[in-house]
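Student: Before we start, here is the structure in question, set down as structure tokens.
The values are calculated or read from the model by the stated rules, or taken from the named source; none is laboratory data. Predicted model only: the values in this text are computed from it and were never measured. All Cβ positions, even for glycine, are placed from backbone atoms using ideal geometry, and neighbour counts span all protein chains on display.
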Amino acid sequence: MAQPAFQTAEIHGSTAGAIESSGFLPDGRFECRGTSLLKLIAIAYNVNTDAVVGGPDWLGSEQFDVAAKAAVRQSSTAALQVMLQTLLAQRFGLVIHRDRKELSVYLLEVGRKGAKLHKTANPGIPQCPSVDGPPGMNHRACRAYTMGDLARLLPQIARNYVDRAAVDHTGLEGAYDFSLDWMGKPGYLAARDNAEGPGAVSLYDALDKLGLKLVPGTAPSPVIVVDYVNRYPLEYAHSTPLEFEAAEIRPSKPGALPSLTAQNGRLEIRAFTLQKLITMALDTKDDLVTGGPKWLDVDRFDVIAKSTDVTSPHALSAMLKAMIVKRFKLETHQEDQPVTVFALTAGKHAARLEAANGPVHSDCKWSLADGGMTCTCRSTTMAQFAEHLPAMAGAYLNHATIDQTGLEGAYDFTLTWTPKARLSDPAGWRSGSAGLSIFEAIDKQMGLKLEEQKHTMSVYVIDRVERAPVEEP
């Protein structure tokens with residue numbers, strides 16, 4: 001019996017530094033960008049990436065853009081997951097089997113002085129809602145909660161601390177009533193470094209108050225074992241359209257604000273300079289496009305284009321490039337030139353990094369919680385980390401990022417910083433402190449430096465471009 005499959009699907013290799021996004025959409029679509037095959041397998045089989053084992057080393061580093069659409073718009077998430085499984089099997093030749101293996105987890109255990117918990121007086125449905133408390137603290141009032149409930153909850157509410165599954169090893173039976181009060185990771189780090197501020201309370205401190213502790217360990221867990229997979233996707237029999245079905249380019253109205261929307265194959269760009277349009281069409285960074293007249297950064301245009309058969313960002317970029325080349329008579333060539341980059345370099349002291357332990361696929365996960373951004377990387381080289389950085393902290397990094405640390409091998413590490421928009425607004429995030437920029441976080445938490453340097457890279461040089469777009473016949 002044939003497996004359910006998407007009606008249409010496009011898969012393309014992602015541009016370096018693409019911001020990762022993925023999700024099942026309510027109208028029967030799945031779209032992702034900058035997503036590793038490791039993550040795609042985890043999404044398809046509804047597991048954490050830690051539970052995908054085996055397969056080649058590149059599984060967590062090669063990134064893809066996918067745009068797929070089901071024939072039935074009301075398809076459930078479960079149905080779309082099966083379709084994604086079929087897509088991976090058809091296009092990447094993916095073969096898997098299910099097994100149980102020892103995986104790295106956190107073990108929830110009783111502390112040395114014993115648990116300080118009270119059995120619930122009102123057994124019923126377990127609840128652990130957030131409640132109000134002093135500023136800068138997270139508060140949970142847990143009622144009728146078992147230790148198994150707590151272990152399952154911790155990765156959901158404190159991902160900045162608990163970056164993998166937690167398993168109950170307390171041996172405590174029954175349900176309990178207790179409160180859990182802690183600072184999010186950014187707030188804890190800021191309070192720890194500020195002697196005049198409030199006392200620092202980590203999640204581990206909060207658990208210790210209950211007579212509990214979290215320790216790294218292993219536990220037998222269900223896994224998806226990758227038996228075979230191709231590095232590059234097979235092409236569909238039909239070809240992807242190279243041009244939009246319809247496209248209009250016109251000068252923007254004076255004072256119009258820049259905006260961009262791309263949905264269901266329709267692209268609307270308002271008040272973009274031609275320099276920005278060319279950068280988008282070439283799918284590169286602003287400072288990797290040079291040459292051309294000064295008006296490229298002055299004249300602004302609106303673009304309205306559509307293609308009903310194509311929705312992926314990669315395909316839209318390719319069609320935008322074809323349109324810009326054709327309508328503005330754009331001609332370019334590539335050459336190596338010195339440009340400004342952000343270089344990840346070794347600090348004055350030894351790097352604060354832990355060598356990767358065990359055969360784990362390279363994987364960096366990031367999450368926004370408690371007003372701060374946390375990136376947790378496992379089995380990741382510094383070159384891979386540098387490649388991930390622009391997607392994670394793009395507001396700070398307006399240039400390409402390269403690895404110049406000289407560090408070999410792969411590492412496990414966690415990095416926590418404050419998003420740039422919140423850095424100058426202490427009232428805007430829960431810790432009530434100014435926090436750390438990405439540069440300060442890399443320095444303090446990793447023992448490395450991120451600094452501007454000149455580095456020779458391949459750039460696009462504009463040889464010719466017309467000021468007014470040629471009208472379509």
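Student: Looking at Gly171, Gly93, Gly111, can you tell me which residue is surrounded by fewer than 18 Cβ atoms within 10 Å (Cβ to Cβ) and touching a helix residue (DSSP H, G or I) at 6+ places or on another chain (Cβ under 7 Å)?
Tutor: Numbers: Gly171 fails: touching a helix residue (DSSP H, G or I) at 6+ places or on another chain (Cβ under 7 Å); Gly93 fails: touching a helix residue (DSSP H, G or I) at 6+ places or on another chain (Cβ under 7 Å).
Going through Gly171, Gly93, Gly111 in turn, the sole match is Gly111.
Student: May I ask you to list pairs of residues, at least six apart or on different chains, whose Cβ atoms are under 7 Å apart, with the first in the stretch 261-276 being crowded, with 17+ Cβ neighbours inside 10 Å and the second being among the small types (Gly, Ala, Ser) and outside any strand (DSSP E or B)?
Tutor: Here the result reads Gly265/Ser307; Arg270/Ser252; Arg270/Ala256; Ala271/Ser252; Ala271/Ala256, each pair linking the stretch 261-276 to a residue that is among the small types (Gly, Ala, Ser) and outside any strand (DSSP E or B).
Student: Can you tell me which residues in the stretch 280-291 are touching a strand residue (DSSP E or B) at 6+ places or on another chain (Cβ under 6 Å) and surrounded by fewer than 19 Cβ atoms within 10 Å (Cβ to Cβ)?
Tutor: In the first step, residues of the stretch 280-291 are kept if they are touching a strand residue (DSSP E or B) at 6+ places or on another chain (Cβ under 6 Å); the result is 282, 287-291.
Matches in the stretch 280-291: Asp287, Leu288, Thr290, Gly291.
Student: Here is a list: Gly171, Gly184. Which entry is modelled with pLDDT under 85 and not aliphatic (A, V, I, L, M)?
Tutor: On the way: Gly171 fails: modelled with pLDDT under 85.
The unique qualifying residue is Gly184.
Student: Restricting to the stretch 434-473, and then to whatever is surrounded by 14 or more Cβ atoms within 10 Å (Cβ to Cβ), of a type in the set (Gly, Ala, Ser) and in a loop (DSSP other than H, G, I, E, B), can you tell me which residue is modelled with the highest pLDDT?
Tutor: Gly447
Student: Going residue by residue through the stretch 199-210, is there one that turns out to be touching a Gly at 6+ places or on another chain (Cβ under 7 Å) and not assigned by TED's automatic domain parsing to the domain that holds Ser379?
Tutor: Of the residues in the stretch 199-210, the ones touching a Gly at 6+ places or on another chain (Cβ under 7 Å) are 208.
Adding the requirement that they be not assigned by TED's automatic domain parsing to the domain that holds Ser379 leaves 208.
Scanning the stretch 199-210, I find at least one residue that is touching a Gly at 6+ places or on another chain (Cβ under 7 Å) and not assigned by TED's automatic domain parsing to the domain that holds Ser379, so the answer is yes.
Student: Give the stretch 51-86 a look and list any residue that's buried (at least 21 other Cβ atoms within 10 Å of the Cβ) and charged (D, E, K, R), or say none.
Tutor: Passing the criteria: Asp65, Lys69.
Student: Condition first: of a type outside the set (D, E, K, R), over 26 Å from the mean Cα position of the chain (by Cα) and closer than 27 Å to Pro216 by Cα. Now tell me which residues in the stretch 98-129 satisfy that.
Tutor: Quick first cut of the stretch 98-129, residues of a type outside the set (D, E, K, R) only: 103-108, 110-111, 114-115, 117-118, 120-129.
Pick out the ones that are also over 26 Å from the mean Cα position of the chain (by Cα) and you get 107-108, 110-111, 114-115, 117-118, 120-129.
Hits for the stretch 98-129 are Leu107, Leu108, Val110, Gly111, Gly114, Ala115, Leu117, His118, Pro126, Gln127, Cys128, Pro129.
Student: Would you confirm, using the coordinates I've provided, whether Ala400 is of a type in the set (A, V, I, L, M) and without any contact (Cβ under 8 Å) to a residue 24 or more places away in the chain?
Tutor: Values: of a type in the set (A, V, I, L, M): yes; without any contact (Cβ under 8 Å) to a residue 24 or more places away in the chain: no.
Judged against the criteria, Ala400 is not a match.
Student: On to the next question. Of the residues Leu153, Leu189, which is under 26 Å from the mean Cα position of the chain (by Cα), surrounded by fewer than 20 Cβ atoms within 10 Å (Cβ to Cβ), outside the structural domain of Val52 (by TED's automatic domain parsing) and assigned to a helix (DSSP H, G or I)? Reasoning before the result, please.
Tutor: Numbers: Leu189 fails: surrounded by fewer than 20 Cβ atoms within 10 Å (Cβ to Cβ).
Selected residue: Leu153, the only one of Leu153, Leu189 that is under 26 Å from the mean Cα position of the chain (by Cα), surrounded by fewer than 20 Cβ atoms within 10 Å (Cβ to Cβ), outside the structural domain of Val52 (by TED's automatic domain parsing) and assigned to a helix (DSSP H, G or I).
Student: If we only count strands (runs of 3 or more DSSP E) wholly inside the stretch 1-78, which ones have 3 or more residues that are without any contact (Cβ under 8 Å) to a residue 60 or more places away in the chain?
Tutor: Details: elements: 8-13, 21-25, 29-36, 52-54, 63-69.
So the answer is 21-25, 29-36.
Student: Another question, if that's okay. Which pairs do you get when a residue that is part of a loop (DSSP other than H, G, I, E, B), found in the stretch 160-174, comes within reach of a residue that is surrounded by 17 or more Cβ atoms within 10 Å (Cβ to Cβ) and aromatic (Phe, Trp, Tyr), reach meaning Cβ atoms under 6 angstrom, with the pair 6+ apart or on two chains?
Tutor: Filtered contacts from the stretch 160-174: Val162/Tyr106.
Student: Here's another thing I want to ask about it. Name the single residue that is surrounded by the most Cβ atoms within 10 Å (Cβ to Cβ) among those in the stretch 380-395 being modelled with pLDDT of 90 or more and over 11 Å from Ser362 (Cβ atoms).
Tutor: Looking at residues that are modelled with pLDDT of 90 or more and over 11 Å from Ser362 (Cβ atoms), I get Met382.
Student: OK, next. Taking Met373, is it at pLDDT below 85, aliphatic (A, V, I, L, M), surrounded by 18 or more Cβ atoms within 10 Å (Cβ to Cβ) and assigned by TED's automatic domain parsing to the domain that holds Glu408? Give the derivation first.
Tutor: Working: at pLDDT below 85: yes; aliphatic (A, V, I, L, M): yes; surrounded by 18 or more Cβ atoms within 10 Å (Cβ to Cβ): yes; assigned by TED's automatic domain parsing to the domain that holds Glu408: yes.
Considered against the rule, which asks whether it is at pLDDT below 85, aliphatic (A, V, I, L, M), surrounded by 18 or more Cβ atoms within 10 Å (Cβ to Cβ) and assigned by TED's automatic domain parsing to the domain that holds Glu408, Met373 comes out as yes.
Student: How about the stretch 244-359: which strands (runs of 3 or more DSSP E) wholly inside it have at least 1 residues that are farther than 26 Å from Thr8 by Cβ, touching a Leu at 6+ places or on another chain (Cβ under 8 Å) and hydrophobic (A, V, I, L, M, F, W, C)?
Tutor: Here the list reads 266-273, 289-291, 300-306, 331-346.
Student: Look through Lys101, Lys116 and report the one residue that is within 30 Å of Leu207 (Cβ to Cβ) and assigned to a strand (DSSP E or B). Lay out the reasoning, then the answer.
Tutor: Working: Lys116 fails: assigned to a strand (DSSP E or B).
When all the criteria are applied, what remains is Lys101.
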